[in-house]
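Working notes for the structure below.
What follows draws every value from the coordinates through simple rules; no lab data is involved. Everything numeric in this text was worked out from a predicted model, so none of it was measured. So basically every Cβ, Gly included, is an ideal-geometry build from the backbone, and we count neighbours across all protein chains shown.
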Amino acid sequence: MQITAAFVREKNGPFTLEPLELDPPSEGEILVRIAACGICRADLSVRDQYYPTPLPVVLGHEGAGVVEAVGKGVKTVSV
Ligand SMILES: [Zn+2]
């Protein structure tokens, strides 16, 4: 499925919203339709490479949303 993700492509660069192809959830994973997402200091530290991370990178780890699918073996979360 195609999603929109917040990419950073270079050190100190801008966040850009771009399409990304996302695989269905694998074993032990869930798929969450994100309703809102924050960008926090950790994201900025990765963007600015205070936490060295290969670029490009998709950031924004503080999302909230609704579970749409669960992978094989997931037992504690449901759609
Ligand atoms: Zn955070």
So, with +1 on the Cβ of K and R and -1 on the Cβ of D and E, and no other charges, what is the size of the charge dipole of the chain about its Cα centre, to the nearest 20 debye? 160 debye
Need the full-extension length gain, Ser26 to Leu55, defined as separation in residues times 0.36 nm minus the C-alpha distance. One decimal, nm. 8.0 nm
Selected from Val57, Val66, Val46 as most flexible by GNM, with the chain as the system and alpha-carbon contacts under 10 Å: Val66
